[in-house]
1. Quickly run through region 39-67 and pick out the residues that are outside any strand (DSSP E or B), at pLDDT below 95 and closer than 15 Å to E119 by Cα.
2. Checking D23 against (1) buried (at least 16 other Cβ atoms within 10 Å of the Cβ); (2) under 29 Å from the mean Cα position of the chain (by Cα), only one condition comes out false. Which one?
3. Just to check your reading of the model, which residue among G309, G337 is among the small types (G, A, S), at pLDDT 95 or above and in a strand (DSSP E or B)?
4. Within region 146-161, restricting attention to residues that are charged (D, E, K, R) and more than 18 Å from the chain's Cα centre (by Cα), which residue is least open to solvent (accessible area, probe 1.4 Å)?
5. Are there strands (runs of 3 or more DSSP E) fully within region 223-286 with at least 1 residues that are touching a Ser or Thr at 6+ places or on another chain (Cβ under 6 Å), at pLDDT 95 or above and open to solvent by 60 Å² or more (accessible area, probe 1.4 Å)? List them.
6. Quick one: what pairs do we get from region 308-324, first residue over 19 Å from Q349 (Cβ atoms) and among the hydrophobic types (A, V, I, L, M, F, W, C), second open to solvent by 60 Å² or more (accessible area, probe 1.4 Å) and in a loop (DSSP other than H, G, I, E, B), C-beta under 6 Å, 6+ apart or different chains?
7. Just checking, which of E173, E187, E119, E137 is touching a residue at least 24 places away in the same chain (Cβ under 8 Å) and closer than 30 Å to A69 by Cα?
Amino acid sequence: VFGTAFTNSLPDGKYPVEITAIDSNDKRTTATLNIVVSADPVSITAVNPADVWATKATVSAVINKVDAANPCIKYRKLGTSTWTVADNTADAALSATITGLEPGTVYEYCAATDDYESEILSFTTETAAQLPNAGFEDWSSLDKAPALIGDRSFWDSGNHGSATLSENVTVPEENIKHSGNYSIKLESKFPNMFGIGKFAAGNVFAGRYLDTNGTDGELGWGRPFASRPKALRGYVKYVSVEVNCNGSKQNQPAGYQDQGIIYIAILDATTRDFTTTKSKDRYTEFPVIILTKEGRLFDKTASNVLGYGEKIFDTTAGDGMIEFEIPLEYFNTSVKGAHIMIVASSSRQGDYFIGGKGATMYLDDLELVY
């Protein structure tokens, strides 16, 4: 409780008060209460960086006098002279979510009444960043095992594991595509040598295949990314087969059809410190580490996940590719995004080495929607 005697004793100015709430599991969140002491009828508040997206921003102001005449928040693109009045709630704390903004653009904003205009502040919207090699045109190895997508600076696949048995589960595809020369083909297989092998789903992910531990992969998922899209859009063709592999066993009919999956996540700046089991290489840049031997898989409810979306695929209609869109649901909007993670697999349960040999997904022309 901030009493009148205290607030009346403050000189004119802004007094940010940081408030942290902590629960019994030591989960916490922090917000800032701004106390404004001013003779001005309204005062503008500096925007929280996490409240600025690519096409929208939430800004606020404080009404200092109850008789302030028509208080409002105004905004304009930097370099223009005409103000637009934001739709906002005229109470003690004006708040407006401004939509329809241009990505990567500086905007000015202020608080105003009929006869007063506050100081002018500014914010810059996030860029509408896109994915590199989103059409999977760039391959640094086409015919060898492993087939490599570009220079592996963004995308990678499980080929590094299946290549130990001279198989590629992820390859370029010339015949089934949406545009360009290639799509990417993900095919579930059972690579083996002398009858010994393990089921491997065709897959592609934003990250890097770090090492192979026996017959299991050690993967780093996620790449640096400072924008927060609304959805992932692209083109897909999926061909399902009956699930017939379970771990190291094949030709085990399960009586149900395999499914493909694509999922996307925006994560915070947290990264993991990991040293690979076999090569002893150390990695500190990935927000998610996948260890299939230990059953350490991706958890969409983890504390570093800000937003998530997924889509499950059965066999798609027709001979060509169809358009899909995966909306992102943001669980935490108080933190700016720092990493993006995208994973596609021809077998939904491929992480558990369960699926159908021959299940195939073709992907092309991925696009982030803002």
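1. A39, D40, P41, T45, A46, N64
2. (1)
3. Values: G337 fails: in a strand (DSSP E or B).
After ruling out the rest, the residue left standing is G309.
4. Filtering region 146-161 down to residues charged (D, E, K, R) leaves 151-152, 156.
The next check asks that each one be more than 18 Å from the chain's Cα centre (by Cα); those that pass are 151-152.
Numbers: D151: 113, R152: 39 Å².
Checking each candidate, the answer is R152.
5. So the answer is 272-275, 282-286.
6. M321/H178
7. Numbers: E173 fails: closer than 30 Å to A69 by Cα; E187 fails: closer than 30 Å to A69 by Cα; E137 fails: closer than 30 Å to A69 by Cα.
None of the other options fit; the residue is E119.
Here's the yes/no breakdown for (1) modelled with pLDDT of 95 or more; (2) more than 30 Å from R208 (Cβ to Cβ); (3) open to solvent by 50 Å² or more (accessible area, probe 1.4 Å); (4) in a loop (DSSP other than H, G, I, E, B):
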site: K74; (1), (2), (3), (4): yes, yes, no, no
site: P103; (1), (2), (3), (4): yes, no, yes, yes
site: E108; (1), (2), (3), (4): yes, yes, no, no
site: A129; (1), (2), (3), (4): yes, no, no, yes
site: E137; (1), (2), (3), (4): yes, no, yes, yes
site: K144; (1), (2), (3), (4): no, no, yes, yes
site: A163; (1), (2), (3), (4): no, no, no, no
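The values are calculated or read from the model by the stated rules, or taken from the named source; none is laboratory data. Predicted model, so just to flag it, every value in this text is computed and none were measured. Using ideal geometry, Cβ is built from the backbone for each residue, glycine included, and neighbour counts are taken over all protein chains shown. Please note that ligands, DNA and RNA were not included when accessible areas were found on the heavy atoms of the full protein model with its side chains. Shrake-Rupley method; radii C 1.70, N 1.55, O 1.52, S 1.80 Å.
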